[in-house]
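The values are calculated or read from the model by the stated rules, or taken from the named source; none is laboratory data. The structure presented is a predicted model; accordingly, all values stated were derived computationally and were not measured. Using ideal geometry, Cβ is built from the backbone for each residue, glycine included, and neighbour counts are taken over all protein chains shown. The area values use the complete protein model at the heavy-atom level, side chains included, leaving out ligands, DNA and RNA. Shrake-Rupley method; radii C 1.70, N 1.55, O 1.52, S 1.80 Å.
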Amino acid sequence: VQGPEGGFCLIVCRLRRTAMSRQAASHKSSSSLLVRLSSRPFSTASAELRAARTKIHGVFSCLVSNGSRAPFTADDFEQPEGTSREDTMTLIEDKLLPKHRRRLLQLADQARRVVSSRFDKSNRQSSFRFWRILLTTAVLSSLVSYTIDQTTLQVGLIRSRFTNFQNEQHLLYVIAFDVGLVILARLIVRTSVEAEGSGFPEIKAMIFGKAMAPFLTLRVLFVKATALSLGIGAGLPLGKEGPNVHMAGCISRFLGPEFYETKRAQSSVAAIHLLLAACAVGVGCSFSAPIGGVIFSLELVLPQVFDYIGYFGCFLSAVTGSICFALYRSWDAGSYVLVDLITTNVVAGEGANSPYPSLRLALDIVLGAICGLLAGIWIKSHAWAVKAMKHWRQKEGSKPQAQPSKHGKYGRTRTSLYHALLGGQTSEPELTPQQVAVMAKVTKAFGATKEMNRSWWTWRDLIQIATVVVVNTVLAASLPLLNGRPQPLLLSELFDKNLLSRSDWVVPGLTPTMTMACCFLTKWTVTIFALCLPNPAGVVAPTMIIGGLLGRVFGMCLPEAFLRLVVVVPPDMEDTPEAWNEVLGPFMARLAIVGAAAFCAGVCRAFAMAITVFEALSLPESVLPLCSASLAAITVANKIALPYFDTNLMGRGLGGISALTQTKKALEPAFTIMKRLGMEDCLQETMTVNEVQRLIDETDDDVYAIAQPLATHWHDCQGIMKGSISRSSIEKLLARHGHRGDTAVIDFRDAALQRPTEVLNAPYLPPMVDSVPLCVLPETPLQDVYLLMKVTRVPMVYVCEHNLLFGEIKWKELLGHSLD
């Protein structure tokens with residue numbers, strides 16, 4: 001630009017990694033352009049050129065990012081000395097020739113296209129990697145599930161060789177075998193306490209934003225798969241659905257760690273999509289029911305914002321995993337074939353027709369209500385048992401150590417680092433000098449360099465595990481229906497229409513109804529204590545067995561006169577017990593199917609269980625009974641207890657997640673939980689350095705509101721919302737103004753603090769002062785507040801109305817805990 005004194009300036013603008021947009025800058029998209037408007041040596045006006053280059057750089061950034069065609073203004077250039085704003089504008093219009101202006105816009109368009117193409121390429125590569133990881137996770141997760149089933153089958157075959165309870169000696173062999181398996185599983189789990197429990201509560205917490213990266217490692221995957229196989233092989237009533245979900249999450253994090261390595265877990269949308277897909281493929285592979293797996297994964301993590309990628313990703317992973325699981329099962333054709341978890345020999349039409357359809361439907365609803373009632377009681381009983389058993393385990397080593405330092409590097413427990421879901425050794429048990437010497441020898445022999453786990457020398461958890469296994473084996477041995485049957489085979493027996501026609505499952509001296517009731521009480525009790533053990537365990541399959549037994553007991557307790565009203569009796573049927581049992585068999589099998597779905601739905605509080613059972617059995621006449629009974633069970637269970645997984649979250653101190661998903665708290669207004677803010681908690685628009693320093697010293701907040709005080713209070717409000725600023729920005733301002741003394745004034749209204757900072761060869765720096773922070777009305781439901789914070793990825797929102805500041809809501813107030 002030619003000034004009044006004559007001559008030209010050479011303006012060199014190098015556009016490299018400019019802030020075309022924050023996303024483009026984060027992907028390191030760059031373009032280097034050289035614009036020569038005139039010629040003049042740098043040495044003659046270096047200061048002027050540096051200032052002009054900064055201004056032109058801002059113009060380029062605006063043009064490239066927004067595609068603006070607005071003309072240049074006087075503010076875009078340094079005004080030469082002795083000229084006014086009008087003179088500078090005239091110089092721009094006269095001296096900046098149209099061809100130069102057109103050339104500048106062409107270069108800006110070229111830079112924008114280059115950056116856009118590079119950003120699109122990077123975005124496509126990231127998207128391709130995401131779908132590749134999702135599909136690979138589905139394939140590997142189904143392979144892990146198949147491996148667990150095969151291991152369980154082989155262990156069961158070995159166990160069946162000892163299952164001959166003709167005398168007490170064979171029973172002792174079985175007990176010793178089962179106890180050895182579960183103790184080995186527990187010793188393996190001690191190496192990684194994150195493998196304890198179901199794993200689904202942790203996945204749910206991560207989807208809600210809780211950072212729990214140690215739960216998604218390959219070590220947890222191998223430990224959980226091995227211990228789960230041993231536990232199920234020992235005959236314990238354990239499911240694999242929750243562990244499958246957890247292991248699928250471990251696989252996805254191993255394949256795509258970049259999607260999980262973020263400052264906060266909720267900031268990665270791709271990680272949430274991968275975790276949702278892990279839920280779908282974990283449940284879909286367990287039941288060979290992909291649709292039920294998708295509904296289950298989406299239902300148990302509400303409220304969330306689901307987009308097309310998440311929804312389609314769940315379906316793709318579930319279908320892919322189910323197909324791969326079916327292909328893996330075809331490998332063992334001609335040998336021992338794996339049995340589906342849910343099978344029945346009831347065909348379409350059998351046991352479904354009734355002279356009074358409304359009465360038959362009412363019967364299913366009553367059964368569902370009973371299942372919901374007992375499901376709530378079962379959850380409360382399980383919570384009490386978990387607390388009692390955990391408390392007893394933690395008594396070990398509770399004595400204070402006389403010399404805690406003498407154990408050196410062997411004295412630290414791994415459980416002090418990560419607190420397991422079902423509890424563990426949170427105290428430091430005292431070791432004898434002989435034990436310390438043995439640990440040192442073992443460490444030296446194996447060349448171990450890490451600290452030994454003190455929990456290897458504890459025994460109370462092993463006593464609990466051995467006791468539960470012995471009780472389970474002895475009770476199962478006394479009941480022929482449960483004796484030596486794995487869970488898929490037991491469900492098939494319960495759904496068998498010919499079960500009433502056989503007598504091999506009835507205990508001698510007891511009636512069929514009493515035998516079935518004994519089986520129900522046995523499974524009810526043993527399942528509660530088995531799921532309290534600090535080993536990997538799933539809850540879906542065991543609760544389906546309890547529900548199937550409950551449905552059988554319910555049907556067998558109905559009077560015969562009532563049964564003849566709801567069951568179609570052929571007119572030519574012989575009046576014999578065998579003929580009546582043959583007619584009644586399909587009806588009882590359908591009651592067992594309805595009971596299994598309803599009880600499991602009441603425990604998990606997932607309507608997807610009805611869909612899963614229907615999808616696996618393909619009985620057309622069972623759609624309405626399954627849906628009605630499951631809905632009744634969920635309704636009744638909601639009045640008694642929280643869902644099983646949310647009860648575990650409550651024990652972890654993550655009750656806010658359960659409150660948002662399963663209680664009326666989700667509909668409460670925002671002002672009920674907000675942290676009220678007064679002027680003593682806020683910054684004013686102008687404050688001295690001493691006042692600002694005193695405020696941040698007295699509080700530990702990460703973000704501070706900027707408010708203008710009111711002359712009089714208005715509805716419990718003391719100020720007008722003007723903005724917010726982070727603690728780190730305040731510290732920078734204090735360092736910048738500190739040399740001016742404690743009485744120096746900081747003006748937070750300064751425009752320089754409210755606009756992004758331009759940095760050459762780097763992205764824009766965000767403004768120090770956020771003049772438009774996220775705000776909600778006091779009447780906003782908490783569920784909407786959560787969704788708003790989830791979508792915008794902000795750590796907090798302010799509660800305001802008509803510009804009046806009432807309070808703030810952070811993750812700690814919303815969920816009861818922070819996300820770190």
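A few notes on this one:
- Of all the numbered requirements in (1) open to solvent by less than 20 Å² (accessible area, probe 1.4 Å); (2) part of a loop (DSSP other than H, G, I, E, B); (3) over 28 Å from Ala225 (Cβ atoms), Ser503 misses one, and that requirement is (1).
- Search result, residues across the range 299-319 that are more than 16 Å from Ala608 (Cβ to Cβ) and not in a helix (DSSP H, G or I): Pro303, Val305, Asp307
- Of the listed requirements (1) touching a helix residue (DSSP H, G or I) at 6+ places or on another chain (Cβ under 8 Å); (2) more than 21 Å from Ala362 (Cα to Cα); (3) not in a helix (DSSP H, G or I), Val569 misses just one: (2).
- Any hit, the range 142-152, residues being in contact with a Cys (Cβ under 9 Å, 6 or more places away or on another chain), among the small types (Gly, Ala, Ser) and either at pLDDT 85 or above or closer than 19 Å to Ala227 by Cβ (or both): yes
- Per-region count, the range 280-308, residues more than 22 Å from Val144 (Cβ to Cβ) and hydroxyl-bearing (Ser, Thr, Tyr): 1
- In the range 620-653, residue modelled with the lowest pLDDT [restricted to those that are crowded, with 22+ Cβ neighbours inside 10 Å and either among the charged types (D, E, K, R) or not in a helix (DSSP H, G or I) (or both)]: Asp646
- Scan of the range 769-819 for residues that are free of Cβ contacts under 8 Å to residues at least 40 places away in the same chain, open to solvent by 40 Å² or more (accessible area, probe 1.4 Å) and assigned to a helix (DSSP H, G or I), ordered by number: Asp784, Leu788, Thr792, Lys812
- Residue within the range 488-500 that is in contact (Cβ under 8 Å) with a residue 24 or more places away in the chain, within 23 Å of Ala383 (Cβ to Cβ) and polar (S, T, N, Q) present: no
- Set Arg590, Arg605, Arg502: member being touching an Asp or Glu at 6+ places or on another chain (Cβ under 9 Å) and closer than 30 Å to Val301 by Cα: Arg605
- Selection within the range 253-287 - at pLDDT 80 or above, open to solvent by 30 Å² or more (accessible area, probe 1.4 Å) and either under 25 Å from Ser229 (Cβ atoms) or not in a helix (DSSP H, G or I) (or both): Arg253, Phe254, Leu255, Tyr260
- Selection from the range 587-617 of residues that are in a helix (DSSP H, G or I), open to solvent by 10 Å² or more (accessible area, probe 1.4 Å) and not β-branched (Val, Ile, Thr): Arg590, Phe614, Glu615, Ala616, Leu617
- Boolean, Thr661 is surrounded by fewer than 17 Cβ atoms within 10 Å (Cβ to Cβ), of a type in the set (Ser, Thr, Tyr) and at pLDDT below 85: no
- Being over 27 Å from Gly242 (Cβ atoms) and not in a helix (DSSP H, G or I) is a property that does not hold for Met556.
- Any hit, the range 680-693, residues being buried (at least 21 other Cβ atoms within 10 Å of the Cβ), on the phi < 0 side of the Ramachandran plot and not in a helix (DSSP H, G or I): yes
- Ala707 being at pLDDT 85 or above and surrounded by fewer than 19 Cβ atoms within 10 Å (Cβ to Cβ): no
- A single member of Val623, Val636 is in contact with a helix residue (DSSP H, G or I) (Cβ under 9 Å, 6 or more places away or on another chain), among the β-branched types (Val, Ile, Thr) and without any contact (Cβ under 8 Å) to a residue 40 or more places away in the chain, and it is Val623.
- From the options Val189, Val245, Val223, residue that is at pLDDT 90 or above and touching a Phe, Trp or Tyr at 6+ places or on another chain (Cβ under 6 Å): Val245
- Which listed residue, of Ile720, Ile730, is in contact with a Leu (Cβ under 7 Å, 6 or more places away or on another chain) and not in a loop (DSSP other than H, G, I, E, B): Ile720
- Any hit, the range 327-344, residues being open to solvent by 70 Å² or more (accessible area, probe 1.4 Å), more than 24 Å from the chain's Cα centre (by Cα) and touching a residue at least 12 places away in the same chain (Cβ under 8 Å): yes
- Counted residues, the range 509-547 - those being closer than 27 Å to Ala227 by Cα and either part of a helix (DSSP H, G or I) or open to solvent by 10 Å² or more (accessible area, probe 1.4 Å) (or both): 23
- Every condition in (1) touching a Pro at 6+ places or on another chain (Cβ under 8 Å); (2) farther than 27 Å from Met212 by Cβ; (3) acidic (Asp, Glu) holds for Asp702 except the one numbered (2).
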